[in-house]
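To keep things clear, I will list the structure first and then write my remarks on it.
The values are calculated or read from the model by the stated rules, or taken from the named source; none is laboratory data. Small disclaimer: the values here were computed from a predicted structure and weren't measured. Neighbour counts run over all protein chains shown; Cβ positions are idealised from the backbone, glycine included. Keep in mind that these areas ignore ligands, DNA and RNA; they rest on the heavy atoms of the full protein, side chains included. Shrake-Rupley method; radii C 1.70, N 1.55, O 1.52, S 1.80 Å.
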Amino acid sequence: MPRTGPAREVAVVAFAQSDHLRRTDELSEVEMVMPVLHQVLAQTGLKAKEIGFTCSGSSDYLAGRAFSFTMTLDGVGAWPPISESHVEMDGAWALYEAWVKIQTGEADTALVYGYGKSSPGSVRDVLTRQLDPYYLAPLWPDSVALAALQARALIDAGETDESALAAIGTRSRAAAEANPHAQLSGAVPQGDYQVAPLRTGDCPPIGDGAAAVILAAGDEARRLCERPAWITGIDHRIEAHGLGLRDLTDSPSTRIAAERAGVFERPVDTAELHAPFSSQEVVLRKALGLGADVAVNPSGGALAANPVMAAGLIRIGEAAARIHRGESDRAVAHATSGPCLQQNLVAVLEGDPR
Amino acid sequence: MNATNKEPVAVVGIGQTKHVAARHDVSIAGLVREAAARALADAELTWADIDAVVIGKAPDFFEGVMMPELYLADALGAVGKPMLRVHTAGSVGGSTALVASNLVAARVHRTVLTLAFEKQSESNAMWGLSLPVPFQQPLLAGAGGFFAPHVRAYMRRTGAPDTVGSLVAYKDRRNALKNPYAHLHEHGITLEKVQASPMLWDPIRYSETCPSSDGACAMVLTGRAGAARSPRRPAWVHGGAMRSEPTLFAGKDFVSPQAGKDCAADVYRQAGITDPRREIDAVEMYVPFSWYEPMWLENLGFAQEGEGWKLTEAGVTELDGDLPVNPSGGVLSTNPIGASGMIRFAEAALQVRGQAGEHQVPDARRALGHAYGGGAQFFAMWLVGAEEPAS
């Protein structure tokens, strides 16, 4: 399918994230988000009131209360009133909404943030409430059990084996040693089965965290950032909800989104994949056609820190930061939502030639 | 701001469910699909014509389903397509339509299905809003408990007589009798009955509050080429905006929030409206408690500060008045919370399409759809017209 649509140049010009921690009992959501917002604004010198559009991603179910995002808006300092919106999704989709807004020409800059505190409840149980409420949710199948189904399908199909999965966990957590924000890094024992065939090292840590990104268009991006990470393509797709309706060893939604985002037009050097389970990296590598020469999750990825509702936005931010630092020229960033990679967003980020 | 050449956006399909207290006959998926199918039928399009789906609803605790868009992807024909889920509290139905509209305006997609719903009977909205978190402000005994003091402040500030609220409720409930999709059809309604209803949160009486409804509303939005193929007259989006301000702070005016004024001003600027009272023919306004009609008349610039209640009292906002407000019966007659904002936007579009049936405002050419949410802090509005906007 030919790529069509808008052509306004938009770039990630700043990225900040919290340290991702197992618990942050001493912090409200506002207190967790606010420092990150201040950091990302400070990187550009922009004030909240100078931002053209603000959009956030979060989930009431993690906070355990309705309208939780109304409180975090206080952290932005929305006075005088701002043009603002919210998606009940990972912050990566808030970034998408902001990118669309800039494409309309109604804004030249956008502040995007995502956050989640998993520690107040049992996130494995909480995520079961995402499932079909009549037939599936009453059975409380948790997120690790569903990922294990997917891993088993992959092993049965000959796509991977337990030692290959273990190597993904080892590589991710070794990479995270260079990431001061990561929750887990260094040697992590592969551990016991959580739900076979997934062991502790195949599963993400449970943690609290936040991230923020600033987007800017055209010359404004060049003014705010020495080497902007241009979003040359971005798309997202959803699949059927029922696990019996999908081939769990494949991710057609990732592939379609990647095609629409232009991933396959030229090689990428970096991939930041939102794969909370080692087995999901196997699926995503195949859908994105990533070879062994691509640096996958140099940040450590979601196996090193998985703050729900921020982890996808962090992938975009980490990919962009690598371009800012001159460590990448063309990167793919990916975010996921729903059980077993049901919904996937893919963005291509490119730096100006050096 | 960069003046990019935007694609004009047209509403070519509208569908609603008949809103009721409890739809025991359908699942959440069945409910949303009913509205979506009606919108597609109105546009004479099929699921294959839709490029993306944008869905909204109010808190997930209202049905007890976390991020229900995941489960609803199949029911809304979204498999293989992009699906976005918007949540901006009570304004969400309006915000959802605006996000969908931007997808078309930015030429990211040609034809977008947008839908908002609430199936309040699946759970309990009162408890859905009453999950206490330490050291944070809860919503104070339901929405009425939060808003009643601000209504009282309005009365004190403007000297409005305490009869105005009941006039609004009496009007909206009579208008609802002309709208087949409205939840409350109170055939024996009289002004005396409204005034004799129990006091819930002084000064708000039972009959001056919105019901709890199950319902969904959907629209098909498209660009100029799609509008040219539309079997029925489209409604054109002339302006749309969102504004937010913090929940609680010392400088906040709860009677007439600055974010509402700014949002309306932005929409009027986009639409070239300089005198809203004269240039706008119908208003679908988010009025969950009757006194919010006079309050928002001022906030939206239809009346001078302190004068909104005089328009209501003089009958200006009646269906046959010169500025009809909520000809559909409004939120006071139908309140599937997450859908209520989109119903306002859709009803405004029906008016300028001349498709509003018995509650049609004659010759409506420009109509405003309005929504608000949170602690009167989130605002979403659009202005739709019968003519394609001048580019």
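Below is a table of values for the structure above.
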quantity: Computed FRET value (nearest 0.05) for A:A178 with A:K286, which takes r as the C-beta separation and R₀ as 45 Å; calculated: 0.95
quantity: Length released on extending from B:W47 to B:R278, taking residue separation times 0.36 nm less the Cα-Cα span; calculated: 79.2 nm
quantity: Residues in region A:328-354 occluded by at least 10 Å² - accessible area, probe radius 1.4 Å, against chain by itself; calculated: A:S337, A:Q342, A:Q343
quantity: Point-to-point label distance, A:E31-B:R224, nm (Cα→Cβ direction, 7 Å offset); calculated: 5.5
quantity: Paramagnetic reach from A:V294 (point 7 Å along Cα→Cβ, amide N under 18 Å) across region A:239-254; calculated: A:249-254
quantity: Cβ-based charge dipole, region B:1-123, positive-most Cα from B:N5, B:P59, B:V26; calculated: B:N5
quantity: Gain on full stretching of the segment that runs from B:E313 to B:E192 - 0.36 nm per residue minus C-alpha separation; calculated: 42.0 nm
quantity: Relative contact order of chain A, defined on C-alpha pairs under 8 angstrom at six or more residues apart (%); calculated: 25
quantity: Unsatisfied cross-links (Cα-Cα over 27 Å) in the set B:K57/B:K193; A:K49/A:K101; B:K57/B:K310; calculated: B:K57/B:K193; B:K57/B:K310
quantity: Probe 1.4 Å, accessible area per residue of chain B, Å²; calculated: 33
quantity: Extension gain, A:L245 back to A:D19 (0.36 nm per residue minus Cα-Cα distance, nm); calculated: 77.6 nm
quantity: Aspartates and glutamates with Cα under 16 Å of A:K117, excluding same-chain neighbours fewer than 8 positions away; calculated: A:D19, A:D25, A:E26, A:E29, A:E31, A:D60, A:E88, A:D90, A:D125, A:D208
quantity: Sulfur and carbon atoms: percent of accessible area, chain A [1.4 Å]; calculated: 53
quantity: Projected-area average for region B:184-224 over all orientations - Cα convex hull basis, square nanometres; calculated: 5.5
quantity: Ranking by accessible area, most exposed first, for A:R23, B:R107, A:R285 with a 1.4 Å probe; calculated: A:R23, B:R107, A:R285
quantity: Compactness index (Cα Rg / 2.2 N^0.38 Å), the protein assembly as shown; calculated: 0.92
quantity: Accessible area (Å², per residue) of region A:1-127, counting only protein heavy atoms and a probe of 1.4 Å; calculated: 31
quantity: Length-normalised contact order for chain B - Cα pairs under 8 Å, 6+ apart - percent; calculated: 25
quantity: Estimated dipole of region A:126-192 in Debye, rounded to 20 [Cβ of Lys and Arg +1, of Asp and Glu -1, Cα centre]; calculated: 220
quantity: q = 0.10, 0.11 Å⁻¹: log10 I(q)/I(0) that the Debye formula gives for chain B, counting C-alpha atoms only; calculated: -0.57, -0.70
quantity: Interface area, A with B, accessible, probe 1.4 Å, both sides summed, Å² nearest 100; calculated: 5400
quantity: Estimated FRET transfer efficiency (A:R325, A:A145; beta-carbon r; R0 60 Å; 0.05); calculated: 0.95
quantity: Two-site label geometry, B:Q355 and B:L248: point separation in nm, points 7 Å out along Cα→Cβ; calculated: 4.4
quantity: Net charge dipole size for chain A [Lys, Arg +1 and Asp, Glu -1 on Cβ; Debye, nearest 20]; calculated: 240
quantity: Residue-count net charge about A:G326 - beta-carbon cut-off 14 Å; Lys, Arg +1, Asp, Glu -1; calculated: -1
quantity: The protein assembly as shown - charge dipole about Cα centre, Lys and Arg +1 at Cβ, Asp and Glu -1, debye rounded to 20; calculated: 600
quantity: Pairs beyond 29 Å (Cα-Cα), from A:K47/B:K81; A:K47/B:K252; B:K178/B:K252; calculated: A:K47/B:K81; B:K178/B:K252
quantity: Inter-probe distance in nm under a simple model that places probes 7 Å from Cα toward Cβ, at B:D320 and B:R269; calculated: 4.0
quantity: Cβ-based net charge around B:A380, under 10 Å, with every Lys or Arg adding one and every Asp or Glu removing one; calculated: +2
quantity: Fraction of accessible area attributable to carbon and sulfur, region B:298-391 (%, probe 1.4 Å); calculated: 42
quantity: Amide N of region B:87-121 lying under 20 Å from the label point, which is placed 7 angstrom from the Cα of A:F264 along Cα→Cβ; calculated: none
quantity: Positive-end residue of B:V237, B:G77, B:A364, charge dipole of chain B with Cβ unit charges; calculated: B:G77
quantity: Expected 222 nm ellipticity per residue - DSSP helices of 4 or more, -39500 (n - 2.57), all of the protein assembly as shown, to 500; calculated: -9500 deg cm²/dmol
quantity: Residues A:D352 and A:A42, FRET efficiency given R0 of 22 Å [Cβ-Cβ distance, rounded to 0.05]; calculated: 0.40
